[in-house]
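Below: one structure, written as structure tokens.
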Amino acid sequence: MSDPFALPWLLPAPADFRARLKAIRTADPIDAGALRALVQTALDATQLEQASRVVSARVGDLAGAGLRPLKLGIVASHTAKGIAYALPAAALRHGLLLSVELADYGQAAQALLDPGSSLAQSRPDAILLALDAQALGLARPCLDPAEAEATVTRALDYVAALRAGARDHAGAPVIVQTLAPPVESLFGSYDGQLAGTVRWLIAEFNARLLRSVAGSGDLALDVAFLAASVGLRQWHDARLWHDAKLPFAVEALPLYADKLGGLLAAFRGLSRKCLVLDLDNTLWGGIIGDDGIDGILLGQGSGTGEAHLAVQAFALDLRARGVVLAVCSKNEDSAARLPFIGPNGGHSEMLLREEHIAVFLANWTDKASNLRQIAATLNIGTDALVFLDDNPAERAQVRQELPEVAVPEIGSDPADFTRILGQAGYFEAVSFGAEDRSRAAMYSANAQRAAAMTSVSNLHDYHASLEMVCTIAPFDDAGRARIAQLANKSNQFNLTTRRYTEADIAAIAADPTRFTMQVRLADRFGDNGMISVLIFARGAEEWRCETWLMSCRVLGRRVEEAVLAHVAAAARAAGAARLVGEYIPSAKNAMVRDHFAKLGFVKTADRADGGTEWALDLETYVTPTLPMILE
Amino acid sequence: MDREEITGIVTEIMCDVFDLDELDYSDGLSAEVIEEWDSLSHIRFIVAVEKRFGFRFSSAEIEGFSKVGDLVDSIAAHIG
């Protein structure tokens, strides 16, 4: 842990890195799995650049490997080639197939304010705006209070103008960056109090910048925090700044690139959803099966016990922000549950309780199989799991069997577990809404629904027992972030897999030629929140379905019939004769291949790309009776 | 550490940073000879040397390097 730049949650880069990369580079077809495994290690700046070159050279071959493509524009007031060269490999670590369009050095205004700039013309999916304190006029003090305020406002106005330019001319959200404060003080501690010192200017700028980003559809990379986490003296390299206008030390590049890659992945909805916890020597010290409830170390003022308790507290905090918790332990089920419940209400120091754990698997099956079962129970992919286990052998087995599961190296000291897990940033998010607050509870409710299903004899009774309430409304501002999140995350139940940014959603909501639906579903176990999104283009004769997606959490609940009834009624009232839809096949959406057929649509075309087109005659469509209240 | 050992280590670093399969070291090697040696990889090269030998060059020293031999001389002086 002594190297502040290390990415300790990753395995170290292999000693034969260059030989492995060469084997990957020369193989045909490319071994995407080997390349992805290689970038899961802690590559240094040189290795990132070399791996990125392979990624960029083989983009076509990698396109079929289940990666999410993303084009990033980079606009910088300093040298950014090093960043551009390192990013494709760092982004691949997070499941993205990244291409980079780098604007000329120091040409921020031209690139973003001119609709004809090559950056705007390249239609990036997002634009990184990397500005330094010098370019923003914040690198020198100005000790007149009014002038200090005006200086910060000018800098923010400049950033705002560039952000507006990116939106208007390139149609892309911007990733802004906070500024790392300088190492040098003018006075000392007093710098923080006095308006106009550089430390004050940068603190003001950062705080106001972050406030302006919240809810705007733009994103922020908190460089000030990254720099603080490694130490400002390590982050800044004045020599490289003077000599080559490099924004930070070369050693910081892998950390910066990893965090930017993680942010881009979160933007694309690729963040992890579930933390799977081992028990013995992870959530408590010792072995519950051997040591018993009074023998395990947890809290009680023991250093080791307090460290394990801190892991529980962190897991609970993650749950409160929407991360689902599961347990996967090699144990007898009864022993494993003892601290959670036990004869006297569990271990007195336990923070985690059974109700916090959505899936609890304690058995002697191998952990990879158990992780598959956890993912299946929660109806999420194994690529949404993070597996926390103190045992290196278990970690290796899971990595071998399920390379898509995130398995942090957490070291051997429980005092480090929380920090390393937090540093890894598996659960990076770009927004936080009501859905996130209640997600973990929703997953627990799903487990209860599964239990309820076994107690009723048929599907009809089951549906009736759920007391469902389905709410359908057009897109609005309040729903925008969640709509964009669903549009980016939904892969399986998604007829067209069209992706939309928040800005796209706002534009569609305001477009009178579109008919939009955001759908929520509640039942007696809880509110599932927004679970389905539809966009239709209204025509005089026919309404065409552009997007129809649904969360797999509510599969088999007849929600799709309810939304069809809703849009059919609206189209009929508008005088349309039919609804038309298309199915565009992707690597993940085979489950909805027959979606339109099941709903009574008639196939009108088989396309060469494997897609199909469908139509529903509104004249003959009969609204079904559904086991839910529609609002 | 004698000069030969230093050039051996520098050669290894150059192979890594410039992505070369092999390199015949000579004091006269420079950015003009090695295709992969550009302003950016130059910085990574310098930083890798500093990390390996455990000291930092000054800006003036870096500006004074026109070929690898200059760098090796400077390393020898630093760790000498």
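What follows is calculated from the coordinates using simple rules that are stated; it is not laboratory data. What you see is a predicted model; the values in this text were computed from it and never measured. Here Cβ is always computed from backbone atoms with ideal geometry, including for glycine, and neighbour counts include all displayed protein chains.
How large is the dipole of region A:227-293 about the Cα centre if only Lys and Arg carry +1 and Asp and Glu carry -1, each at its Cβ, rounded to the nearest 20 debye?
For region A:227-293, the charge dipole is close to 600 debye.
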Of A:S551, A:I472, B:L40, farthest towards positive along the dipole that unit charges on Lys, Arg, Asp, Glu beta carbons give the protein assembly as shown
A:I472
Would you mind telling me the antiparallel percentage of the DSSP bridges in chain A, rounded to 5?
45
Selected from A:A170, A:L92, A:A155, residue furthest toward positive end of dipole (the protein assembly as shown; charges at beta carbon)
A:A170
How large is ³J(HN,Hα) for each residue in region A:354-369, as worked out from phi by the Karplus curve 6.51 cos²θ - 1.76 cosθ + 1.60 (θ = phi - 60°), to whole Hz, x for Gly and Pro?
4, 5, 7, 9, 6, 9, 10, 10, 10, 7, 10, 6, 5, 6, 4, 4
Rounded Å value of the spacing that divides the Cα centres of region A:329-375 and region A:89-137
47
Contact order normalised by residue count of region A:261-404, Cα under 8 Å, 6+ apart, percent
28
Ranked A:W614, B:W37, A:W235, criterion: other C-beta atoms within 10 Å, fewest first
B:W37, A:W614, A:W235
Rank the residues A:D28, A:D389 as a footprinting-exposure proxy: fewest other Cβ atoms within 10 Å of their Cβ go first.
A:D28, A:D389
For region A:402-410, Karplus-derived ³J(HN,Hα) couplings (6.51, -1.76, 1.60; θ = phi - 60°; whole Hz; x for glycine and proline) come out as 10, x, 7, 6, 7, 10, x, 6, 10
Estimated vicinal HN-Hα couplings, Hz - region A:276-285 in sequence order (Karplus 6.51, -1.76, 1.60; Gly, Pro = x):
9, 10, 6, 9, 4, 6, 10, 7, 8, x
Inter-label distance, nm, simple model (7 Å from Cα along the C-beta direction), A:T604/A:R53
5.2
Of all trypsin sites (Lys or Arg not before Pro) in region A:337-416, which ones are in loop regions per DSSP and have a Cβ with at most 14 other Cβ atoms within 10 Å?
A:R353
Assign unit charges at the C-beta atoms only (+1 for Lys and Arg, -1 for Asp and Glu), then state the dipole size of the protein assembly as shown relative to its Cα centre in Debye, rounded to the nearest 20.
2360
Sorted by chain and number, the residues with a modelled amide H under 5 Å from that of A:I531, at a separation of 5 or more or across chains, are A:V519, A:R520, A:L521
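Take A:K598, A:K273 and order them by how many other Cβ atoms sit within 10 Å, fewest up front.
So the ranking, lowest neighbour count to highest, is A:K598, A:K273.
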Within region A:552-576, find all residues whose amide N lies under 14 Å from a label point positioned 7 Å from the Cα of A:N458 along Cα-to-beta-carbon.
none
Quotient of C-alpha Rg and 2.2 N^0.38 Å, computed over region A:590-631:
1.46
Sorted by chain and number, the residues with a modelled amide H under 5 Å from that of A:L297, at a separation of 5 or more or across chains, are A:G285, A:G286
How about A:K603: which lysines have a C-alpha closer than 18 Å to its C-alpha, ignoring those fewer than 8 places off in the same chain?
none
For A:I357, residues with placed amide H under 5 Å, excluding near neighbours:
none
Which pairs, out of A:K489/A:K598; A:K81/A:K259; A:K22/A:K71; A:K273/A:K330; A:K330/A:K367, put more than 19 Å between their alpha-carbon atoms?
A:K489/A:K598; A:K22/A:K71; A:K273/A:K330
